[in-house]
Every structure is written in structure tokens, then in C-alpha cells.
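None of the figures in this text is laboratory data; all of them are computed from the coordinates on show. None of these values were measured; they are calculated from a predicted model. Neighbour counts run over all protein chains shown; Cβ positions are idealised from the backbone, glycine included.
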Amino acid sequence: MQINIYNKFYNEYFTGKEFQDTFSKSLDLLKNRKRIFFVGNGGSNSICSHMMEDYAKIGKFQAFTFSDPAFITCYSNDYGFHNAMKEWLEVYFEKGDLLVAISSSGNSENILNAVEKAQEKGGDVLTLSGFSSDNKLRAKGNLNYYLEVNNYGVVECFHQVILHAMLDEYSLNK
């Protein structure tokens with residue numbers, strides 16, 4: 001049964017030392033942070049919209065995501081899809097902001113370009129990726145969550161769980 005993939009991965013991933021260390025450091029990355037930007041494509045973009053709302057409402061962060069259809073079509077038309085998020089960050093992202101970059105494959109050019117822009121502007125980056133261990137996003141952030149599984153459902157669900165758990169823990173301890 002497919003649910004066994006989720007159960008097995010859940011039991012192994014969340015109890016692992018690498019996850020525990022990254023999770024602890026992620027909470028430090030949120031401290032004294034005012035603004036958080038979320039970027040992702042497709043299902044990951046839906047996670048971004050959801051997290052933007054929760055991080056604003058519950059965490060009291062100024063939170064933003066590149067999910068407005070007018071922004072997406074405007075910036076994609078003018079700069080090409082691969083540069084749209086990067087150009088959006090050029091306008092809105094500031095030194096000291098945090099970019100949360102989500103890509104199941106870890107190889108989406110527009111997400112990689114956004115990460116480079118955030119770093120260029122003096123921001124911090126948290127990445128969430130999956131699939132291949134040599135994906136390009138996996139080592140690009142200050143902190144990186146990687147899920148070694150080639151299943152969109154598992155990767156996307158766990159990305160959302162990680163971000164929710166971070167927010168819950170942060171909110172309990174602030």
C-alpha cells in the first residue's frame with residue numbers, strides 16, 4: 001500500500017539526526033526575522049501560499065509569496081519564466097529577509113535564480129527539496145531540508161509538515 005511509503009519515511013526522516021539538527025537551526029533562522037518570502041512552482045506554490053498566510057497570521061511575520069496570477073504573468077512576460085521570481089525579489093526583497101525556496105526536484109531554474117538573487121541582496125535562504133541527492137537546490141541555502149524519495153506526494157506533504165512544525169515550535173517559544 002502507498003501509505004506504507006509515507007509511514008516508513010515519516011518514521012525514519014523525522015527521527016534522524018540530520019533532520020533534528022536542521023530543524024533546531026531553522027528555529028534560530030526565524031528569530032529576530034521580520035520578513036519571509038516563499039517561492040515554489042505548482043504544488044509547492046500552493047504550499048507557499050498556505051505558509052505565507054500562517055506565518056503572517058500565527059507568527060506575525062510580514063510574509064510574501066509569488067503566487068498572484070497578475071505578478072506571475074507580468075514578470076514572466078517581461079523577463080521570462082526562469083527570471084520572473086528573481087526580478088520580483090529584486091523589487092521587494094531586502095537585506096536580512098528570509099527566502100524559503102521549495103522545489104520537489106530541486107532543479108527548477110526559476111527557483112535557483114531566486115535563491116541567487118536573495119543571497120546577492122544579503123538575505124538568508126532555507127531550501128526544501130527532494131528526489132535526486134545531487135539536485136541543485138539541495139546545498140544552496142543557509143539551511144537545507146532534503147527528502148531522499150522520488151514521490152511528489154511524499155515530498156510535498158513533508159515540506160508542508162516541516163514548515164508547519166517550524167512555525168508551531170517558533171510560536172510556542174517566542
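What's the exposure ranking of Met85, Met51, Met1, Met166, going from fewest to most Cβ atoms within 10 Å?
Details: Met85 32, Met51 24, Met1 6, Met166 21.
Final ranking by Cβ density, sparse to dense: Met1, Met166, Met51, Met85.
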Response to the item:
For segment 1-44, the Debye formula with one identical point scatterer on each Cα and no solvent gives log10 I(q)/I(0) at q = 0.14, 0.20, 0.31 Å⁻¹ as -0.58, -0.88, -0.95
Worksheet item: Which value, in debye to the nearest 20, describes the size of the charge dipole of the chain about its Cα centre when Lys and Arg Cβ atoms bear +1, Asp and Glu Cβ atoms bear -1, and nothing else is charged?
Response: 380
Worksheet, complete the sentence: Once phi for every residue in segment 26-34 is put through the Karplus expression 6.51 cos²θ - 1.76 cosθ + 1.60 (θ = phi - 60°), the whole-Hz ³J(HN,Hα) values, with Gly and Pro written as x, are 4, 5, 5, 5, 7, 4, 6, 9, 9
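Could you sort out which of Lys25/Lys57; Lys25/Lys117; Lys57/Lys117; Lys8/Lys34; Lys8/Lys174; Lys57/Lys136 sit more than 30 Å apart by Cα distance in this structure?
On the way: Lys25/Lys57 22 Å; Lys25/Lys117 22 Å; Lys57/Lys117 27 Å; Lys8/Lys34 36 Å; Lys8/Lys174 32 Å; Lys57/Lys136 32 Å.
Beyond 30 Å: Lys8/Lys34; Lys8/Lys174; Lys57/Lys136.
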Practice prompt. Would you grab the residues whose amide H sits under 5 Å from the one on Phe131? Only those 5+ places off in sequence or on another chain, please, with H modelled 1.01 Å from N.
Written response: Leu147, Val149, Asn151
Discussion item. Under a crude label model (7 Å from the Cα following the beta-carbon direction), how far is Lys174 from Asp134 in nanometres?
Written reply: 4.1
Worksheet item: Check Val125: other-chain or 5+ apart residues with amide H under 5 Å from its amide H, H built from backbone geometry?
Response: Leu99, Asn142, Leu143
Worksheet item: How far is the Cα center of segment 4-26 from the Cα center of segment 69-118, in Å?
Response: 28
Worksheet entry | 3J(HN,Hα) from dihedral phi, segment 49-57, Karplus parametrisation 6.51/-1.76/1.60, rounded to Hz, x for glycine, proline | 4, 4, 5, 4, 5, 5, 5, 6, 5
Worksheet item: Relative to a virtual label point 7 Å from the Cα of Ala56 in the Cα→beta-carbon direction, which members of segment 127-165 show backbone nitrogen distances below 19 Å?
Response: 163-164
Worksheet item: Taking H as built 1.01 Å from N, whose amide H comes closer than 5 Å to the amide H of Ala63, not counting residues under 5 places away?
Response: Ile36
Discussion item. If every alpha-carbon in the chain counts as one equal scatterer, what log10 I(q)/I(0) does Debye give at q = 0.08 1/Å?
Written reply: -0.22
